[in-house]
Amino acid sequence: MYHLTVRGWETGEPPTDRIETWLRSSYHQESTSRFYIEWSCLWANPSVRRTERDALRARFNDVMGTAGNFDSRIVSIGEPL
């Protein structure tokens, strides 16, 4: 699991100051040689507005990246809570 904080993304135990928690799933489809990455939001801090969370996610987009089809890698990002 990945936890978004004001410092960026962290893994492991959820930090007390997390803003969101996301699950990253991945699998390789051998028949097409494609690698799928799926992001799902599991938790969001109710005291942080969605617009603030969106801005923080955009600021630290190096981990999650962008949804889309990139050659043999397909990334899907679920809707934040």
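We did not get these values from a lab; they are worked out from the coordinates using the rules stated. All values reported here derive from a predicted model rather than from experimental measurement. Cβ sites come from the backbone with ideal geometry, for glycine too, and all protein chains shown count toward neighbours.
Please compute, over every Cα-Cα pair in the chain, the percentage with a separation greater than 16 angstrom.
Pairs farther apart than 16 Å: 51 percent.
If contacts are Cα pairs under 8 angstrom and at least 6 residues apart, what is the relative contact order of the chain in percent?
Dividing the mean separation by the residue count of the chain yields 28 percent.
Could you tally the net charge around Glu79, taking each other residue with its Cβ under 13 Å from the Cβ of Glu79, Lys/Arg +1 and Asp/Glu -1?
Computed value for this residue: 0.
Can you give the local net charge around Ala55? Use residues other than it whose beta-carbon is closer than 13 angstrom to its beta-carbon, Lys and Arg +1, Asp and Glu -1.
That sum, taken over residues with Cβ under 13 Å, equals +2.
Quick one: helix 50-59 against the long Cα principal axis of the chain, what's the angle to the nearest 10°, folded into 0 to 90?
For 50-59 against the chain, the angle is about 60 degrees.
To the nearest 20 debye, what charge dipole does the chain have about its Cα centre, counting +1 at the Cβ of each Lys and Arg and -1 at the Cβ of each Asp and Glu?
In total the dipole reaches around 180 debye.
If each residue of separation counts as 0.36 nm, what is the full-extension length gain between Arg49 and Val6 once their alpha-carbon separation is subtracted?
Full extension of this stretch gives 14.1 nm more.
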